[in-house]
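**Q** My structure is below; once you've seen it, I'll send some questions.
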Amino acid sequence: MDKIVIEGGLTLSGEIKISGAKNSAIKLMAVCLLTDEPLELTNMPNLRDTRSMGELLASLGVSVKTENDASRMTLHAKTLSSTTAPYELVRKMRASFNVLGPMLAREHQAKVSLPGGCAIGARPVDLHLDALKALGADIELSEGYVYAKAKGGLVGANITFPFISVGATEHTMLAAVLAKGETVLNNAAREPEIIDLADCLNAMGAKITGAGRSEMRIEGVTKLKGVSYAVVPDRIEAGTYALAAATAGGSVRLLNVRSEHLGALWPLIAKAGTKVTMDENSVLVERLGTPILPVDVETQAYPGFPTDLQAQFMAMVSLADGVSVIRENIFENRFMHCPELVRMGANITVKGREAIIRGVKSLKGAQVMATDLRASASLVAAGLAAEGTTEVLRVYHLDRGFEHIEVKLGNCGARIKRVAE
Ligand code: UD1
């Protein structure tokens, strides 16, 4: 298994091109199941998660072709040879559960394993299943599988989510586009990835209005056509490198960024002492010799501060000149990076959903364990700032969601390499 080895203590300087958004790409891949015409996706990130999704789709009979270093992917579900998504494939990535809705919409039946994914809390799928039931599906759970049927097809419904769920909103969209009649989603998630999904579906002939707002309307259509669609830039990858630059210090220009998608990050990173300058599609992040200041933050659904940047923000304030409090509101168990940061000399106390971070003057390199995808990125950032050598083990977590992280940071002067064990 590979590990990432970092010689810390250098500031960063250079440019980083941000890839297409992982969280969007995977859901867009599931869109291919809704049409018998080819779906071409460009600006695709080359990641373990997109490969896992490709494998799952291929097992259902989809032709999956990648070109240009995998940044262009063509998915053609002319017919489906199977409507069963097995545990071996779904467990690798939770988002792959979202093939259930499109298969149900197209074939009126599907059998999909309950998901695995990052170990960051209970993460049930009750909202997904309740929404599919509201659209007329019969659902049974047996031996770790969801058996779903919709005799005569799905029918539009008025659905109110009890709380905001990105996955359930996307999943319901993927089912309702081919349902008979109108679906209204209330308390829908508003993430840029939801808008990306709606834009792609609308380009294929769907009739979705209100994506990006709490109330979304979907007028069902009988057929969707093939299209070529470019995946939105990854706001989490951009935020991760911005925070890495703020943590290690230096000057990094992020290219191919939609800065408006990180509206909750910029004021907080500025408050922590890092200068942020934006133009149309790049952002310059600079911390040149000034101290890191403490900042409190709590995670929220979009447009609030993303849970996917919480660990990276913690790495930064672990070096602040004072005490910061970070509250995790989305997941009940997303502080697994804390003991690892403590191994590097951070002073962090976790109390329920809150972490109290007393800034230290320096971090020391250590062997640390990547525990989940975004947590791994926080350990890399901490390693860049730390004195001495940091080894981040279990890099497969990182490879799920960050394309060539060691190359991108290496191009900014970091001493970072991947070592096969
Ligand atoms: C969540 C994040 C998303 C992030 C992703 C990966 C939010 C609102 N969502 O999306 O930004 O990219 O994790 O880290 O910040 N839940 C249920 N039942 C369900 C579905 C969800 O109880 O059927 C709960 C989850 O356990 C969680 C909360 O609802 O506590 C939000 O989950 P949801 O947005 O669905 O999670 P993801 O789609 O994985």
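**Q** Which is among the aliphatic types (A, V, I, L, M), at pLDDT 95 or above, within 14 Å of the ligand (Cβ to nearest atom) and buried (at least 19 other Cβ atoms within 10 Å of the Cβ), of Ala386, Ala381, Ala377? Quick ask: steps written out before the conclusion?
**A** Details: Ala386 fails: within 14 Å of the ligand (Cβ to nearest atom); Ala381 fails: within 14 Å of the ligand (Cβ to nearest atom).
Just a single option satisfies the conditions, and that option is Ala377.
**Q** Here's a follow-up. Among the listed residues Ile120, Ile218, identify the single one that is hydrophobic (A, V, I, L, M, F, W, C) and at pLDDT 95 or above.
**A** Details: Ile120 fails: at pLDDT 95 or above.
Every option except Ile218 fails the conditions.
**Q** For the stretch 111-126, state whether one or more residues are of a type in the set (S, T, N, Q), within 15 Å of the ligand (Cβ to nearest atom) and crowded, with 19+ Cβ neighbours inside 10 Å. Even if it seems obvious, please write down each step before you answer.
**A** Quick first cut of the stretch 111-126, residues of a type in the set (S, T, N, Q) only: 113.
Now narrow it down to the ones that are within 15 Å of the ligand (Cβ to nearest atom): none.
For the stretch 111-126, residues of a type in the set (S, T, N, Q), within 15 Å of the ligand (Cβ to nearest atom) and crowded, with 19+ Cβ neighbours inside 10 Å: absent.
**Q** Oh, and also: Any residue at all in the stretch 252-272 that is over 22 Å from Leu379 (Cα atoms), assigned to a helix (DSSP H, G or I), in contact with a strand residue (DSSP E or B) (Cβ under 6 Å, 6 or more places away or on another chain) and touching a residue at least 24 places away in the same chain (Cβ under 8 Å)?
**A** Yes, some residue in the stretch 252-272 is over 22 Å from Leu379 (Cα atoms), assigned to a helix (DSSP H, G or I), in contact with a strand residue (DSSP E or B) (Cβ under 6 Å, 6 or more places away or on another chain) and touching a residue at least 24 places away in the same chain (Cβ under 8 Å).
**Q** Please work out which residue is nearest to the ligand (Cβ to nearest atom), limiting yourself to the stretch 152-169 and to residues that are closer than 9 Å to His128 by Cβ and in contact (Cβ under 8 Å) with a residue 40 or more places away in the chain.
**A** Looking at residues that are closer than 9 Å to His128 by Cβ and in contact (Cβ under 8 Å) with a residue 40 or more places away in the chain, I get Gly167.
**Q** Sticking with this one: Tell me which of these Glu193 doesn't satisfy, since it passes every other one: (1) in a strand (DSSP E or B); (2) within 16 Å of the ligand (Cβ to nearest atom).
**A** Among (1) in a strand (DSSP E or B); (2) within 16 Å of the ligand (Cβ to nearest atom), Glu193 violates only (1).
**Q** Every residue in the stretch 56-79 that is within 20 Å of Gly101 (Cβ to Cβ) and surrounded by 15 or more Cβ atoms within 10 Å (Cβ to Cβ), please.
**A** Scanning the stretch 56-79 gives Leu56, Leu57, Ser59, Leu60, Gly61, Val62, Val64, Leu75, His76, Ala77.
**Q** Please give the strands (runs of 3 or more DSSP E) falling wholly within the stretch 361-421 in which 1 or more residues are of a type in the set (Gly, Ala, Ser). Before the answer, list the steps.
**A** Numbers: elements: 367-369, 389-393, 415-420.
Because the criterion is at least 1 residues that are of a type in the set (Gly, Ala, Ser), the strands (runs of 3 or more DSSP E) in the stretch 361-421 that meet it are 415-420.
**Q** Can you name the residue in the stretch 208-230 that is of a type in the set (S, T, N, Q) and in a loop (DSSP other than H, G, I, E, B) and is also surrounded by the fewest Cβ atoms within 10 Å (Cβ to Cβ) among such residues?
**A** So, considering only residues that are of a type in the set (S, T, N, Q) and in a loop (DSSP other than H, G, I, E, B), the one surrounded by the fewest Cβ atoms within 10 Å (Cβ to Cβ) is Thr222.
**Q** Does the stretch 300-322 hold any residues that are in a loop (DSSP other than H, G, I, E, B) and not hydrophobic (A, V, I, L, M, F, W, C), and which are they? Give the steps one after another, and end with the answer.
**A** Step one: list which residues in the stretch 300-322 are in a loop (DSSP other than H, G, I, E, B), which gives 300-304, 306, 318-322.
Within the stretch 300-322, Gln300, Tyr302, Pro303, Gly304, Pro306, Ser318, Asp321, Gly322 qualify.
**Q** Looking at the stretch 339-364 only, could you name the residues that are within 13 Å of Gly388 (Cα to Cα), in contact (Cβ under 8 Å) with a residue 40 or more places away in the chain and surrounded by fewer than 21 Cβ atoms within 10 Å (Cβ to Cβ)? Quick ask: steps written out before the conclusion?
**A** Taking the stretch 339-364 and keeping what is within 13 Å of Gly388 (Cα to Cα), we get 344-345, 362-364.
Going one step further and asking which of them are in contact (Cβ under 8 Å) with a residue 40 or more places away in the chain, we end up with 344-345, 362-363.
Within the stretch 339-364, Gly345, Ser362 meet the criteria.
**Q** A further question follows. Is it the case, given these coordinates, that Ala58 is touching a helix residue (DSSP H, G or I) at 6+ places or on another chain (Cβ under 9 Å), assigned by TED's automatic domain parsing to the domain that holds Ala175 and modelled with pLDDT of 95 or more? So that I can check it myself, show each step before the final result.
**A** Details: touching a helix residue (DSSP H, G or I) at 6+ places or on another chain (Cβ under 9 Å): no; assigned by TED's automatic domain parsing to the domain that holds Ala175: yes; modelled with pLDDT of 95 or more: yes.
It is false that Ala58 is touching a helix residue (DSSP H, G or I) at 6+ places or on another chain (Cβ under 9 Å), assigned by TED's automatic domain parsing to the domain that holds Ala175 and modelled with pLDDT of 95 or more.
**Q** List, please: which pairs have Cβ atoms under 6 Å, are six or more places apart or on different chains, and start with a residue in the stretch 298-323 that is on the phi > 0 side of the Ramachandran plot and not assigned by TED's automatic domain parsing to the domain that holds Gly167 and end with one that is of a type outside the set (Lys, Arg) and more than 7 Å from the ligand (Cβ to nearest atom)?
**A** Close Cβ pairs (under 6 Å, with a partner that is of a type outside the set (Lys, Arg) and more than 7 Å from the ligand (Cβ to nearest atom)) amount to Gly322/Pro294; Gly322/Gly359.
**Q** I want to confirm something. Restricting to the stretch 171-207 and keeping residues that are of a type in the set (Val, Ile, Thr) and buried (at least 22 other Cβ atoms within 10 Å of the Cβ), which single residue is farthest from the chain's Cα centre (by Cα)? I'd like the intermediate steps shown before the answer.
**A** Start the filter on the stretch 171-207 by keeping residues that are of a type in the set (Val, Ile, Thr), which leaves 172, 177, 183-184, 194-195.
Next cut, buried (at least 22 other Cβ atoms within 10 Å of the Cβ) only: 172, 177, 183, 194.
Values: Thr172: 18, Val177: 23, Thr183: 26, Ile194: 12 Å.
Looking at residues that are of a type in the set (Val, Ile, Thr) and buried (at least 22 other Cβ atoms within 10 Å of the Cβ), I get Thr183.
**Q** What residue, of Ile357, Ile326, is away from the ligand (no atom under 16 Å from the Cβ), among the β-branched types (Val, Ile, Thr) and closer than 29 Å to Ala189 by Cβ? It would help to see each step written out before you state the result.
**A** Numbers: Ile326 fails: away from the ligand (no atom under 16 Å from the Cβ).
One residue alone meets the criteria, Ile357.
**Q** Sticking with this structure for a sec: Which of the residues that make up the stretch 70-98 are more than 24 Å from Val231 (Cα to Cα) and assigned to a helix (DSSP H, G or I)?
**A** Answer for the stretch 70-98, where residues must be more than 24 Å from Val231 (Cα to Cα) and assigned to a helix (DSSP H, G or I): Tyr87, Glu88.
**Q** Evaluate the following for Glu354: is it touching a helix residue (DSSP H, G or I) at 6+ places or on another chain (Cβ under 9 Å) and of a type in the set (Asp, Glu)?
**A** Working: touching a helix residue (DSSP H, G or I) at 6+ places or on another chain (Cβ under 9 Å): no; of a type in the set (Asp, Glu): yes.
Answer is no for this residue.
**Q** Could you please let me know if Leu34 is among the aliphatic types (A, V, I, L, M), more than 15 Å from the ligand (Cβ to nearest atom) and in contact (Cβ under 8 Å) with a residue 24 or more places away in the chain?
**A** Numbers: among the aliphatic types (A, V, I, L, M): yes; more than 15 Å from the ligand (Cβ to nearest atom): yes; in contact (Cβ under 8 Å) with a residue 24 or more places away in the chain: yes.
Criteria met by Leu34.
The values are calculated or read from the model by the stated rules, or taken from the named source; none is laboratory data. Note that the structure is predicted; figures quoted are calculated from it, not measured. Quick reminder, even Gly has a Cβ in these numbers, built from the backbone with ideal geometry, and neighbours come from all protein chains shown.
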